[in-house]
Amino acid sequence: MKNLILSTSAFMLLLSGCFFFSCKKDSTTAPNSPGLTSVSAKGYLSAANYDKLIIQIQYVNGLQPSAGAVDDLKTFLNQRLNKPGGVEVTYSNINSPGRSMYTIEDIRSIESINRTVKHEGRTITAYILFLDGEYSQNNGNLKTLGIAYGSSSMVIFENTIRSLSGGLGQPSVSSVEATVCEHEFGHVLGLVNNGTGMTAAHQDEPHGKHCNNTSCLMYYTAETSDMINNLLGNNVPVLDANCINDLKANGGK
Ligand SMILES: [Zn+2]
Ligand SMILES: [Zn+2]
């Protein structure tokens with residue numbers, strides 16, 4: 001599991017204008033939900049086996065992500081993936097599972113009951129679940145915003161994002177949604193050293209499957225003033241050259 005975490009400390013936000021991201025690592029390859037074929041990062045990057053991508057965005061009623069964030073994610077993927085058949089998004093909603101906290105097991109179970117878009121023929125798929133409650137492993141002010149928990153599966157803690165963005169002096173909801181979605185999809189694409197090999201050493205090993213460039217989308221924490229300013233300016237961080245080179249070398253562009 002690869003988590004993106006944000007500090008909810010109002011004190012820190014007020015004190016320094018800080019907007020913290022950090023990511024935990026999980027070096028193990030997460031199992032897939034039942035009934036789902038495992039796919040490799042290369043399956044997303046290259047057109048050799050799959051020439052089209054369909055993303056199922058599934059949200060708890062009322063928590064549909066902003067159109068701007070989804071457009072941004074599609075642009076990001078179109079820039080990096082060889083998918084001549086295109087990248088499509090489908091939306092569906094579910095009732096709240098009714099919990100204030102969710103474990104990874106809960107999330108897998110929600111996916112296995114509700115995911116309808118699955119790999120078929122030359123179409124590869126991805127699943128992004130926008131949930132209402134918090135991640136069960138949240139620790140104090142550190143809140144997980146998203147996790148890539150399977151080879152084609154991601155969860156976004158949408159309520160947590162909305163509670164920390166969109167206010168005065170805060171980044172916009174859509175820029176945080178886009179940042180978290182693209183960061184988690186970066187893990188699905190095998191970054192960093194997470195199924196896509198490194199063309200140059202740039203893994204921030206103490207922080208797991210992340211990049212050592214503080215301004216890269218795949219950096220585990222965005223607590224530098226540059227990143228804060230970028231997010232406050234509502235600019236979603238982008239991949240650096242090392243991350244892009246890795247994707248290119250594994251079939252991407
Ligand atoms: Zn991460
Ligand atoms: Zn990078």
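Taking the dipole about the Cα centre of region 78-155, with the C-beta of Lys and Arg at +1 and of Asp and Glu at -1, give me whichever of Ile113, Leu81, Ile94 is farthest to the positive side. Looking along the dipole axis, the top candidate is Leu81.
Calculated FRET efficiency, Asn114 and Ser215, Cβ-Cβ r, R0 25 Å, to nearest 0.05? Don't jump to the answer; show the numbers that get you there.
Details: r = 36 Å, r/R0 = 1.45.
Result of the calculation: an efficiency of 0.10.
Within the shell defined by Cβ-Cβ distances under 12 Å, the residues around Thr196 carry a net charge of +3, with Lys and Arg each +1 and Asp and Glu each -1. The portion of the accessible surface of region 147-218 made up by carbon and sulfur, rounded to a whole percent, is 47 (1.4 Å probe; DNA, RNA and ligands excluded).
Which FRET efficiency value, to the nearest 0.05, is calculated for Met101 and Ser38 with the Förster distance at 22 angstrom and r the Cβ-Cβ distance?
The calculated FRET efficiency here is 0.20.
Expected output is a single nm value to one decimal: the length gained when fully extending between Gln79 and Gln137, i.e. 0.36 nm times separation in residues minus the C-alpha distance. What is it? That works out to 17.5 nm of additional length.
For region 69-120, with all protein chains present and a 1.4 Å probe, just round the carbon and sulfur fraction of the accessible area to a whole percent. Mind dumping the intermediate values first?
Details: 1210 of 2770 Å².
Ligands and nucleic acids excluded, carbon and sulfur give 44 percent.
Mind ordering 187-194, 159-166 by average Cβ neighbours within 10 Å, highest first? Let's see the in-between values first.
Numbers: 187-194: 25.8, 159-166: 19.1.
Per-residue mean Cβ counts within 10 Å order the peptides as 187-194, 159-166.
Sorting 50-60, 198-208 by average packing, meaning the other beta carbons within 10 Å per residue, from highest down gives 50-60, 198-208.
The values are calculated or read from the model by the stated rules, or taken from the named source; none is laboratory data. Bear in mind the structure is a predicted one, so any value in this text is a computation, not a measurement. Note that we place each Cβ from the backbone using ideal geometry, even for glycine, and neighbour counts take in every protein chain shown. Areas reflect the complete protein model, heavy atoms only, side chains present, ligands, DNA and RNA absent. Shrake-Rupley method; radii C 1.70, N 1.55, O 1.52, S 1.80 Å.
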